[in-house]
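Derivation of every value follows stated rules applied to the coordinates shown; laboratory data play no part. Bear in mind that the values here come from a model prediction, so they are computed numbers and not experimental data. No Cβ is skipped: glycine too gets one built from the backbone with ideal geometry, and neighbour counts run over all protein chains shown.
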Amino acid sequence: MEKFNRKNHWEQIYQTKQPGEVSWFQPTPDTSLKFIEQFSIPLDAKIIDVGGGDSLLVDHLLDKGFTDITVLDISESALERAKLRLGARALKVKWIIADAATFIPAEKYDFWHDRAAFHFLTREEEIVYYINTVQQNIKPTGILVIGTFSEQGPKKCSGIEIKQYSETSMTERLKDFFEKIACITVEHKTPFDTIQQFVFCSFRRPI
């Protein structure tokens, strides 16, 4: 049996589907922006959007005046689409092609944002590596926000198995390094008029 190649899978998705043809598309990433507003993230904060792909979050962050933004995705095609959309403004963003399961950061971040990358990590060693990477590369006063499919959400995305989380299970998973600030449940309406339930949780280091 041929081993699944995660990078090739996502390159194929982004090379063949337009933004409105994928379930995760959001014209305005309201939930993510509300977290940034809630924590009064300063405009010069180091922000990373893990699994950001060609999400419009980076556009909104630039519009608000944020000056140190990194977007990471496994798919080079996704990032190239985002760069093309942004035009000259793409030069203001750091772009990293990497798998979240093996990412080695070169700097430490004030705000680590992950909408729907973490739940694709289903093997224990990937989950452990990711959590260790976050805790080693987020500043002592940094904020971590993770959004995943909830236990009432889909069990697959783009044909790939995912790992569902609840407020309890996500908090338990991260408790060795982070304390929960708050969790919310979000009903995401897809471009196909279906509903996907997410759980978003914010964390910080224990005080």
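Computed quantities for the displayed model
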| item | result |
| --- | --- |
| Length released on extending from Ile207 to Ala182, taking residue separation times 0.36 nm less the Cα-Cα span | 7.5 nm |
| Gain on full stretching of the segment that runs from Gln136 to Glu124 - 0.36 nm per residue minus C-alpha separation | 2.5 nm |
| Cross-link partners of Lys34 among lysines (Cα-Cα below 18 Å; sequence separation of 8 or more within a chain) | Lys46, Lys64, Lys180, Lys189 |
| Lys175 paired with Lys34, simple spin-label distance in nm, labels 7 Å along Cα-to-beta-carbon | 2.7 |
| Helical mean residue ellipticity (222 nm; -39500 (n - 2.57) per DSSP H run of 4+; nearest 500) of the chain | -8500 deg cm²/dmol |
| Free-standing Cys, the chain [no other Cys Cβ under 4.7 Å] | Cys157 |
| Residues Ser77, Ser23 arranged by fewest to most Cβ contacts within 10 Å | Ser23, Ser77 |
| Förster-model FRET efficiency, 35 Å R0, Glu151 and Arg6, C-beta, rounded to 0.05 | 0.90 |
| q = 0.09, 0.18 Å⁻¹, region 42-204: log10 I(q)/I(0) [Debye, one scatterer per Cα] | -0.28, -1.22 |
| Between region 100-115 and region 129-191, the Cα center-to-center distance that results, in Å | 14 |
